[in-house]
Amino acid sequence: MSFASFSEFLAMGTHGPFVWTCYAISLAVLALNVALPIVARRRFLQDEARRMRREELK
Amino acid sequence: MAARILSVRAPDPALALMSNLMNWTWFHKLGSPKWFYEISRRWLPWLAVSAVLLLVVGLVWGLAFAPPDYQQGNSFRIIYIHVPAAFLAQSIYIMLAIAGTVGLVWKMKLADVALQQAAPIGAWMTVIALVTGAIWGKPTWGTYWVWDARLTSMLILLFLYFGVIALGNAITNRDSAAKACAVLAIVGVVNIPIIQYSVEWWNTLHQPATFSIVAKPAMPFEMWMPLLISVLGFYCFFGAVLLMRMRLEVLRREVRSSWAKAEIKAQVEKGL
């Protein structure tokens, strides 16, 4: 461990705000990249299921 | 005469392998959407698990356990995302150019799927590299942005990604869109060596490369090992997200085929 305490870890010397902003933004972008295709897939399957049901009724 | 017939009937195994490779069946299989859909189902969980493990180990090690830099203090910990994202941003663009070439030369449909689906991920990685670089620049250089050669060429990379994405969305005819995107990806690849050598050609603010394949790292082990792990984690992350996106796009394009219909039905019945 490079830090003596948790508050020191959060402070990152004087660079806390810079380091933590970077990590927060980057992890948010990574999460978005995972979430978007999952949501898109779900929406696509729902639309296709609806279309298939419609075609069966005809 | 008899001996000659015998030699034809029992071919050399090496020759047989060569003729197998030379009739390119493996290459055409790679272009088959159904085959890709099935094989990627097996790859995806491994890539996803490796990405999570490597990213957690690399980032926690880099954030909490690596020693602070003697000049930059703790702000240097930003490199554990900045460098992997920048590596990936450039690698993905090279991949776009390769996929574009394969698509143009062999008319492989899957190459176009790969190109279109990798471009947004590449753009996001470029954004991460630029934003983290800017935030790191403030305490280190005293400014968020300078028109340094490395920074400018990375900004051009972002615009190239935007160009590929916009071109793919703007052209409704799929074959024309694929061709246009492939050409743009191939032409734009000249920017990659410019990014790579910008820190050597123009001696401006950005520091030279942190990592080199040929030289031993200048950093101590506790500093470069987490960076290496994080880089690998980012590559696995890209692989997993790319497969997720490509699988959806393949299903979309093949929606009329019987295997895709069966797959959609099975997925819907499973409760999505």
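Taken over the range B:144-272, the alpha-carbon convex hull comes to 200 cubic angstrom per residue.
Highest mean first, the peptides B:119-132, B:157-170, A:25-38 sorted by other C-beta atoms within 10 Å per residue fall in the order B:119-132, B:157-170, A:25-38.
Under a Gaussian network description of chain B, with springs only between Cα atoms under 10 Å, the residue in B:Trp224, B:Trp259, B:Trp46 that fluctuates furthest is B:Trp259. Across the range B:36-49, coupling constants 3J(HN,Hα) worked out from phi with the 6.51/-1.76/1.60 Karplus curve, θ = phi - 60°, read 4, 4, 6, 5, 6, 4, 7, 6, 3, x, 5, 5, 5, 5 Hz, and Gly and Pro carry x. Taking a ≥ b ≥ c as the square roots of the eigenvalues of the alpha carbon gyration tensor, chain B is prolate, as a/c is not under 1.5 and a/b beats b/c.
Under a model in which nothing but the beta-carbon of Lys, Arg (+1) and Asp, Glu (-1) is charged, chain B shows a dipole of about 1040 debye around its Cα centre. Considering every alpha-carbon pair of the range B:216-269, the percent of pairs per 10 Å bin, from zero through the bin containing the longest distance, is 21, 28, 19, 15, 12, 6.
Distance between the C-alpha centres of the range B:79-143 and the range A:1-40: 20 Å, rounded to the whole angstrom.
Taking every pair of alpha-carbon atoms in the protein assembly as shown, give the share separated by more than 31 Å as a whole percent. Intermediate results must be reported in sequence, preceding the final value.
Working: 23824 of 54285 pairs.
The share of Cα pairs beyond 31 Å in the protein assembly as shown comes to 44 percent.
If Lys and Arg each add +1 and Asp and Glu each add -1, what is the summed charge of the other residues whose beta carbon sits under 14 Å from the beta carbon of B:Ile165? Within the 14 Å Cβ shell, the charges total -1. Taken one residue at a time, the phi angles of the range B:245-250 give Karplus couplings (6.51, -1.76, 1.60, θ = phi - 60°) of 5, 5, 4, 5, 5, 4 Hz. Gly and Pro are set to x.
Neighbouring Cβ atoms from other chains, within 10 Å of the Cβ of residues in B:238-248, number 3 on average.
Cα extents for the range B:54-160 along the principal axes, largest to smallest and rounded to whole angstrom: 53, 34, 16. With no solvent and one equal point scatterer per Cα, compute the Debye intensity ratio I(q)/I(0) for the range A:6-57 at 0.14, 0.25, 0.28, 0.31 Å⁻¹ and report its log10, rounded to two decimals. The Debye formula, applied to the Cα set alone, gives -0.57, -0.88, -0.96, -1.03.
Any read-out appearing in this document is the output of simple, stated calculations on the displayed coordinates, not a laboratory observation. Being a predicted model, the structure only gives us computed values, none of them experimental. Glycine also receives a Cβ, built like all others from the backbone with ideal geometry; neighbour counts cover every protein chain displayed.
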